[in-house]
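Okay, so here's the structure we're looking at.
The values are calculated or read from the model by the stated rules, or taken from the named source; none is laboratory data. Computed from a prediction, not measured in an experiment: that's the story for all the values here. Virtual Cβ from ideal backbone geometry, glycine too; neighbours counted across all protein chains shown. These area figures cover heavy atoms from the full protein model, side chains too; ligands, DNA and RNA do not enter into them. Shrake-Rupley method; radii C 1.70, N 1.55, O 1.52, S 1.80 Å.
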Amino acid sequence: MHKRKHSWAAIVGGGNKKGEKMAGENARMLPKATHEERKKQEAKKKEKLKTLAGKLLKTAVGGKETVEKAGAEDVAGNLLKRPSSRKGEERGMPAEETICRFIEQGKFLEACDQIHNLEHSGNDGMGKSESLYVLLAERMWTVVGEALGGSDRMLLEPLQSVGESLKWEKQKEAEWLGNGLETDSVSTWSPNFWRKDLEKTLMQYMTAQIPLFASSTNTDETALKQHLSHLETTFLPSLEHRSDIFKEAGLLVTYARCCHASLCSHLATLTDRNCFSFSQSLLIYGWIIKIYKRGSQACERPGHSPQHSLSPGAQCLVWILCKTEEKLLAIARKEVGKALKEAFDIGKPPCGADAAVIEILTEKTETARRVSESLCEKVEAECLEECLRFLESYEDEVRSFLQLDGCPQICSSLRILENCCLLRTVWHKLTYICSVSTDQNVKVNGFLHRMEDDIMEHFLQTITTKVKRTLKDHFKKCDSGFDHILESLKQNFLTFGKKKTDIYEALVKAVNAIIITEYMQALLTTPRKPSAMQRRRIVNKMEEDHRMMQAIFKECLGPAAGSLKDPIKAILELVQTSDPEGMKIALLPILKEFPDLRKEHLSAVLDMKDSLSREDRAALLKAFHDNCRESETEANMLFADIEVKPSKCGLCGCLCC
């Protein structure tokens, strides 16, 4: 290696007159302010050297007479005042003193060689060398810090010597390992830590150059855009500007690696913020892609070496992209899940929030598509999977609801049915927004069908229980309990029917069938009394109930109510017809519409008729026998399950059936 000869006195303030003359001329050429600043810097360097040298000499030449008689700083001061020359070295200048001068002159490689020789010279050389390595490292990192803080070309040679010293350390380490030296000895050797110490020095400086992003709770997109813009237009160009001197010193690879690491560490810190929304995380994601593309374009230029580039490398950006992508998907999943829970809460009535679910999903996929088609596909998939997870948990909630003790309110069951209908609509719309797989479609339809079937069965069973209990004594007491149930059903149906869901009409018709069946059961099994007043009261109550049911189901179903079966109307027409022949004519459409009507059912109906003779009763029963037929289908099976006990005729006391 070519060794440069520098006068020790010229650097520390002593020396020959020629050096002083040159310094004077240079000083006259500088402005007054610059000259004074230079003098202050030289004074600082001299003071620092005295301190370092004093510490070193206490360790390196401890026990000598000069150190015992004088303070360490005096020894260091005398040492620095002593002129340096080849003649002095030839007179046997102490090795430690020579090393100190090399260190102060920025000749770190020469100092490394000298310390290495001292280390293997015996005579406590190992202990002395350790202190000298520490002193050398401190001075090297001081030079690195000065190079980072300014653009003084005078620092180039010392910085180059730092790079050469790192190469020297690598070479010595390889030699030691090649000679079979124990690994533990190599790993604890001071120079072995230099590269990490250099990276630590660079990282500390670069991290300090990154501006803090407002506060930990900042959710302002404008502030984040400004912060990313500052990184792009100020932070990265600043590092690029200071890279020239490190490139000339052979340290660009380490410098670039620390640039990448500091930027990625900062971006990771930004991404880890829990307060960031999907759109804010997407801003970071898009910015990283832009920087990545810029680095890729730079790599395509002729003569460009990726490992010497300050543009963040592919590995660094791919890692932070993956991390940011994970955060984006987690936020999308969380926001979609929250929207679904708010829109479909079993404990609350539907509030139209299903539109908000579609809006959130659309906004997420569209904004992601503007940044990256690949990201959009992942966001779509994550949102769809969150919908499936929600449906699975919602089905569990429905099961828990159905297992509650007692009969849950009618409105709760209708609310769940409405939610199922809305969920089906939401999923149908999603199939146009996202790429839904066949497997996902099958799963969703399975969830919805099971929930609809379970809640429908439970709901109809609840209605049956309530109506049966209310009608038990309805024709005895003629109270208003049945009226209240009908009014409650109307209000719930009208609320449920506002959405005009597909299941609505079928549900109302099923409830109508239950009410009619239970009503006929209660009517035909009510004990008949011979009093004419009791019979008239039952018929009057039937008329009142029929009007109310007609009004309610017409209001709930509209024109579709015309298709409902109406046995109450047919029975009223039968019992309210005055002559026997007219009753025979009124009986025929009943037999046609309800072929499962049995003789005991007709007999119970005739018990409600006022002033019906035995002969007329027998004639009607014979007409029934002549015209009754078996039903070929189960579509109109209304009377089949109604059991009527034979009753005694009020006229003769015999069994009617």
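Any residue in the stretch 411-431 that is open to solvent by 60 Å² or more (accessible area, probe 1.4 Å) and either assigned to a loop (DSSP other than H, G, I, E, B) or in the same structural domain as Tyr504 (by the TED database) (or both)? The answer is no, given that none of the residues of the stretch 411-431 is open to solvent by 60 Å² or more (accessible area, probe 1.4 Å) and either assigned to a loop (DSSP other than H, G, I, E, B) or in the same structural domain as Tyr504 (by the TED database) (or both). Taken together, the criteria place Leu494 among residues that are within 44 Å of the chain's Cα centre (by Cα) and either open to solvent by 30 Å² or more (accessible area, probe 1.4 Å) or aliphatic (A, V, I, L, M) (or both).
Taking the criterion of being open to solvent by 30 Å² or more (accessible area, probe 1.4 Å) and in contact with a Ser or Thr (Cβ under 7 Å, 6 or more places away or on another chain), the residues of the stretch 141-171 that qualify are Trp141, Gly145.
Hey, can you tell me all the residues within the stretch 539-558 that are free of Cβ contacts under 8 Å to residues at least 60 places away in the same chain and open to solvent by 70 Å² or more (accessible area, probe 1.4 Å)?
Correct list: Asn540, Glu544, Arg547, Gln550, Lys554.
Scanning the stretch 598-622 for residues that are open to solvent by less than 20 Å² (accessible area, probe 1.4 Å) and either outside any helix (DSSP H, G or I) or farther than 26 Å from Pro527 by Cβ (or both) gives a single hit, Met608. In the condition set (1) buried (at least 18 other Cβ atoms within 10 Å of the Cβ); (2) at pLDDT 85 or above, Val644 is compliant with all but (2). For the stretch 311-335, the set of residues classified as modelled with pLDDT under 90 and of a type in the set (Gly, Ala, Ser) consists of Ser311, Gly313, Ala314, listed by residue number. Annotation: Thr465 fulfils all but one of (1) in the same structural domain as Thr365 (by the TED database); (2) open to solvent by 10 Å² or more (accessible area, probe 1.4 Å); the unmet one is (1).
Does Arg389 count as touching a helix residue (DSSP H, G or I) at 6+ places or on another chain (Cβ under 6 Å) and either among the aromatic types (Phe, Trp, Tyr) or not assigned by the TED database to the domain that holds Ser488 (or both)?
In short, no.
Within the stretch 525-538, identify whether any single residue is surrounded by 15 or more Cβ atoms within 10 Å (Cβ to Cβ), among the hydrophobic types (A, V, I, L, M, F, W, C) and either closer than 29 Å to Val398 by Cα or out of contact with any Phe, Trp or Tyr (no Cβ under 8 Å at 6 or more places or on another chain) (or both), and answer yes or no. Checked against the condition, which is being surrounded by 15 or more Cβ atoms within 10 Å (Cβ to Cβ), among the hydrophobic types (A, V, I, L, M, F, W, C) and either closer than 29 Å to Val398 by Cα or out of contact with any Phe, Trp or Tyr (no Cβ under 8 Å at 6 or more places or on another chain) (or both), the stretch 525-538 yields no hits at all. The residues listed here are Ala522, Ala561, Ala513; of these, the one that is touching a residue at least 24 places away in the same chain (Cβ under 8 Å), closer than 25 Å to Ala640 by Cβ and surrounded by 15 or more Cβ atoms within 10 Å (Cβ to Cβ) is Ala522.
Scanning the stretch 468-486 for residues that are free of Cβ contacts under 8 Å to residues at least 40 places away in the same chain and not small (Gly, Ala, Ser) gives Arg469, Thr470, Asp473, Lys477, Asp479, His484, Ile485. Any residue that is at pLDDT below 80 and either open to solvent by less than 70 Å² (accessible area, probe 1.4 Å) or assigned to a helix (DSSP H, G or I) (or both) - is there at least one of those in the stretch 224-245? Looking through the stretch 224-245, none of the residues is at pLDDT below 80 and either open to solvent by less than 70 Å² (accessible area, probe 1.4 Å) or assigned to a helix (DSSP H, G or I) (or both). Within the stretch 349-376, the set of residues being open to solvent by 80 Å² or more (accessible area, probe 1.4 Å), without any contact (Cβ under 8 Å) to a residue 40 or more places away in the chain and outside any helix (DSSP H, G or I) comprises just one member, Cys351.
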